[in-house]
Amino acid sequence: MKATHLLEQQHRHIENLFSQLIRVPPDALALLVDLADHWVAHMAIEQNLFYPAVRKVKPEAVAESYEQHAVAEYALKRLLVAGPHDKTFKAKATVLKELVERHVEEEERDLLLAVEAAMNEEQLQALGRQMQANYDAAVAAGYQTGLPKTYGQTSADVAMNRGPRPSA
């Protein structure tokens, strides 16, 4: 599967999990863990594979995506700490959902279209295979493996500073 299509497929899955979680069903804790596993895995493959591979296509969009991930990760941490029985759970879940929706909308409207135009089918397929394998491993490992425990640094900070920075 092409990298861009894989990301879109994951976006739909995460949106579905959010729509269930916002209702705070009896299984909200299991749903929250499932959402965290998938969102953290999704961020990891974008930050560590996709964004570095496409940074030259849209440097500003990639930089903004890293920042959106950092903010969403912080909101996810707050939601996980609160848990479904906290009186602020629904509010925290709603804010995280809105952050992720904005990120997805911008990414699909701008970055993914530019990447589709800039990369050939073979490149997108190869990147997609690598991303799928890493995603599956990250989901299986669980969100705790990919989510830094501190609030001072996010996985987006670590990933963005790992590779070469775009020139100004």
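The values are calculated or read from the model by the stated rules, or taken from the named source; none is laboratory data. Everything numeric here is computed off the predicted structure, so don't read it as measured data. No Cβ is skipped: glycine too gets one built from the backbone with ideal geometry, and neighbour counts run over all protein chains shown.
Observations on the model:
- Which listed residue is modelled with pLDDT of 95 or more, small (Gly, Ala, Ser), out of contact with any Pro (no Cβ under 7 Å at 6 or more places or on another chain) and over 22 Å from ARG129 (Cα atoms), from ALA72, ALA53, ALA41, ALA28: ALA72
- Options ALA28, ALA44, ALA75, ALA63; residue that is surrounded by fewer than 21 Cβ atoms within 10 Å (Cβ to Cβ), touching a Gly at 6+ places or on another chain (Cβ under 9 Å), touching a residue at least 12 places away in the same chain (Cβ under 8 Å) and among the small types (Gly, Ala, Ser): ALA28
- For the stretch 80-92, the condition of being under 27 Å from LEU112 (Cβ atoms), crowded, with 18+ Cβ neighbours inside 10 Å and not small (Gly, Ala, Ser) holds for none of the residues.
- ARG109 meets all of the listed conditions (1) over 30 Å from ARG129 (Cβ atoms); (2) modelled with pLDDT of 95 or more but one, namely (1).
Residue by residue, here is whether (1) in a helix (DSSP H, G or I); (2) surrounded by 12 or more Cβ atoms within 10 Å (Cβ to Cβ); (3) at pLDDT 75 or above holds:
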{"position": "GLN123", "(1), (2), (3)": "yes, yes, yes"}
{"position": "TYR135", "(1), (2), (3)": "yes, yes, yes"}
{"position": "VAL139", "(1), (2), (3)": "yes, yes, yes"}
{"position": "THR145", "(1), (2), (3)": "yes, yes, yes"}
{"position": "GLN153", "(1), (2), (3)": "no, yes, no"}
{"position": "ASN161", "(1), (2), (3)": "yes, no, no"}
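- Criterion violated by ALA75 - all others in (1) more than 12 Å from the chain's Cα centre (by Cα); (2) farther than 18 Å from ASP34 by Cβ satisfied: (2)
- Residue match in the stretch 37-54 (condition: in contact with a helix residue (DSSP H, G or I) (Cβ under 6 Å, 6 or more places away or on another chain), closer than 19 Å to GLN144 by Cα and of a type in the set (D, E, K, R)): yes
- Criterion violated by LYS90 - all others in (1) within 18 Å of ALA156 (Cα to Cα); (2) modelled with pLDDT of 95 or more satisfied: (1)
- Tabulated pairs, the stretch 79-108, first free of Cβ contacts under 8 Å to residues at least 12 places away in the same chain, second in a helix (DSSP H, G or I), C-beta under 8 angstrom, 6+ apart or interchain: ALA82/PHE89; ALA82/LYS92; ASP86/LYS92; THR88/ALA82
- Of all residues in the stretch 79-89, none are within 25 Å of ALA141 (Cβ to Cβ) and under 11 Å from the mean Cα position of the chain (by Cα).
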